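K.L.:
Would you mind keeping the following structure in view while I ask a few things?
Every read-out reported here was derived from the displayed coordinates using simple, explicitly stated rules and does not represent laboratory data. Every value quoted in this text rests on a predicted model; they were computed, and no experiment measured them. Here Cβ is always computed from backbone atoms with ideal geometry, including for glycine, and neighbour counts include all displayed protein chains.
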Amino acid sequence: MFSLYKWEFEAIIRGLKLKEIDDAERYAARLFNERYVMNAKKPKFNKIFNRKKLESKVSEMFTEQKKPNQNRRLQLMKNVQKAFSNH
C-alpha cells in the first residue's frame, strides 16, 4: 500500500481524464468520417468534438476559484478593520 500527496493524486486523475478525452477524440474522428460527412452539406468538426472545451472543463475541476462576492466581502472587512484600528 502506498500514499500520495494531493497534487500527485490530482495529476494522476487529470492524466486519466485527458486520456479519456484523447480516446473520445479518436472515436469522434471516426464518426465524423463515416456519418457526418455523408449527411451534412457543410460539415464542421467542432460540432462533433470540441477539444478545447473539454480540456477547459478538466482544468476547472482542479482549479480553486474564489467567488467574486467573497473577495468583495473580504475587502470590506479589511477596510472596516483598518478604520477601527486607526482610532
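K.L.:
Before we move on, is Phe32 in contact with a helix residue (DSSP H, G or I) (Cβ under 9 Å, 6 or more places away or on another chain), of a type in the set (Phe, Trp, Tyr) and closer than 25 Å to Ser56 by Cα? It would help to see each step written out before you state the result.
P.N.:
Numbers: in contact with a helix residue (DSSP H, G or I) (Cβ under 9 Å, 6 or more places away or on another chain): yes; of a type in the set (Phe, Trp, Tyr): yes; closer than 25 Å to Ser56 by Cα: yes.
Here the answer is yes, as Phe32 does meet what is asked.
K.L.:
Starting from region 29-56, keep only residues that are free of Cβ contacts under 8 Å to residues at least 40 places away in the same chain and more than 28 Å from Arg14 (Cβ to Cβ), then list their pairs with residues that are aliphatic (A, V, I, L, M) and surrounded by 14 or more Cβ atoms within 10 Å (Cβ to Cβ) whose Cβ atoms are within a distance under 9 Å, requiring at least 6 positions of separation or different chains.
P.N.:
Partner pairs satisfying both residue conditions: Tyr36/Ile48.
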